[in-house]
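Participant: Pasting a structure below so you can have a look.
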Amino acid sequence: MDFLVLMTIYVTVFGVCVLLYVYGDSPALANGAIGRLRHVLMEIVTFVIPQRFTDAAHEKLYNVLHTRNQVLQFVFAAIVLLGHAVWVKDMLPILYMSDPNANHTLMPMVVVFTNLFFFHKSCSSDPGEINPAKQELYSQVYKFDMRLYLPNRICSTCDLPKPARSKHCNICNRCVHRFDHHCVWTNNDVGGLNHRYFLLFLLTLVGMAIEGVVVGGWSLWLYTRNSRLLEARVLMDDGETMPVNVFVVFQHLFLQYPRLVFLVVALVVLIPMIGSFAIYHTFLVLTNQTTNERYKTPAAENLQDEKSISKRTNKSSSQKLNRKSNKTPAIDQVHGSHRPYHRGILKNVQEVFFLDNLKRSKQR
């Protein structure tokens, strides 16, 4: 039972930390019962830990998350390295002991180097930086939708006309073509020129995590089978022996291979979170949207609705109109439906992965 308590605490703490990191700014976690609990916990932390230490920690965390630096790049590399150290130290001996003639290294190495390749491309490739030499080219790629993107707007920092679908990144201090978001893990913007690399990085990362669970779980099963743990019996306090149950087997595996068990459990917790992020970016590519646009569209549409309602109100004061002709647009026709750059799934994919629109603009 000690093992179960330890694993429960570990999974809970690990899952909560990842959840707060990914969704920490969500209103659901900032308000209500969870928000009050977070406030109480912060009060306890500030009471126990001196103010100067919390201020220093907050400053360091802000610098890591809101300035250009390579801290999380090294953290990601360290996580991958430690995970594969467990693979070499714990998994491979079990695999080669059970099946010495099979090749247990080729596929994991292909997966990890593929992921690291796309990680490198996401970190180092140009996301589509807009400068005086390329401003005219990027201005020809997309038309202004007259909602989020309006003509004749000037970036107050770069002092350049803003092409449609561009945005200034305050962290990198540059305007980016087809801006999606700034990724702290890659220390780079995700934009029109490297969104493909970022998506492939996420998909291969999910694949690497799934492979880790499969290979790690298979290794633990092989050890269980070869050691005939399921056939063992446990000596009780009264001198009687009883067949082992699943909990006893897990506890034994944890005592024998703590690193391997922790790795498998951590990956099981991480896969849904990384997978949901990869699915979200796949959805963005298939529908030709960006995170920036998804974030700003509701506010822009609400503003436009208010203007439309105001116009109808002023008009109805001078002339009665048919109610049916003056209905407020339905919610499902407004929120989340503004996709002016959607060209069909195949063309959307071609645009992101083969830079179709940009190539056609260069030929003009």
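Participant: Given H placed 1.01 Å from N in the peptide plane, which residues other than close sequence neighbours of Cys169 have an amide H under 5 Å from its amide H?
Facilitator: Arg174, Cys175, Val176
Participant: Taking 28 Å as the cut-off for C-alpha to C-alpha distance, list the pairs among Lys121/Lys362; Lys60/Lys134; Lys60/Lys162; Lys143/Lys347 that go past it.
Facilitator: On the way: Lys121/Lys362 23 Å; Lys60/Lys134 36 Å; Lys60/Lys162 33 Å; Lys143/Lys347 16 Å.
Result: Lys60/Lys134; Lys60/Lys162 exceed 28 Å.
Participant: Then there's this: Which order do Cys123, Cys169 take when ranked by solvent-accessible area (1.4 Å probe, heavy atoms of all protein chains), largest first? Don't skip to the answer; put the middle values down first.
Facilitator: Numbers: Cys123 25, Cys169 5 Å².
From most accessible down to least: Cys123, Cys169.
Participant: Quick one: what do you get for region 192-269 if you divide its Cα Rg by 2.2 N^0.38 Å? Walk me through the intermediate numbers first.
Facilitator: Details: Rg = 18.7 Å, N = 78, 2.2 N^0.38 = 11.5 Å.
After normalising by residue count via 2.2 N^0.38 Å, the value is 1.62.
Participant: Now a separate question. With a 1.4 Å probe and every protein chain left in place, tell me how much accessible area Ile279 has, in Å² to the nearest 10.
Facilitator: Taking all protein chains as shown, Ile279 has close to 120 Å².
Participant: When ligands, DNA and RNA are left out and all protein chains stay put, how many square angstrom of accessible area per residue does region 134-185 have with a 1.4 Å probe?
Facilitator: Values: 2590 Å² over 52 residues.
Accessible area per residue, region 134-185: 50 Å².
Participant: Now for a separate question. At a probe size of 1.4 Å, how large is the accessible area of Arg36, to the nearest 10 Å²?
Facilitator: 150
Participant: On to the next question. How about region 156-209: which trypsin sites (Lys or Arg not before Pro) there lie in a loop by DSSP and see at most 15 other Cβ atoms within 10 Å?
Facilitator: none
Participant: How much accessible surface does Val268 have with a 1.4 Å probe, in Å² rounded to 10?
Facilitator: Val268 has an accessible surface of roughly 80 Å² with all protein chains in place.
Participant: Moving to a separate point now. If R0 is 45 Å, what FRET efficiency do you get for Ala33 and Gln363 from their C-beta distance, rounded to 0.05? Mind dumping the intermediate values first?
Facilitator: Numbers: r = 58 Å, r/R0 = 1.28.
With R0 = 45 Å, the Cβ-Cβ based efficiency is 0.20.
Participant: Which percent of the accessible heavy-atom area of region 134-185 goes to carbon and sulfur, probe 1.4 angstrom? List each step's numbers first, then the result.
Facilitator: Numbers: 1230 of 2590 Å².
Its accessible area is 48 percent carbon and sulfur atoms.
Participant: In vacuo Debye scattering of region 134-185, one point per C-alpha: log10 I(q)/I(0) at q = 0.30 Å⁻¹?
Facilitator: Normalising to I(0) and taking log10 leaves -1.30.
The values are calculated or read from the model by the stated rules, or taken from the named source; none is laboratory data. Since the model is a prediction, treat every value here as computed from it, not as a measurement. Note that each Cβ is placed from the backbone with ideal geometry, even for glycine, and that neighbours are counted across all protein chains shown. Accessible surface areas use protein heavy atoms only, side chains included; no ligands, DNA or RNA. Shrake-Rupley method; radii C 1.70, N 1.55, O 1.52, S 1.80 Å.
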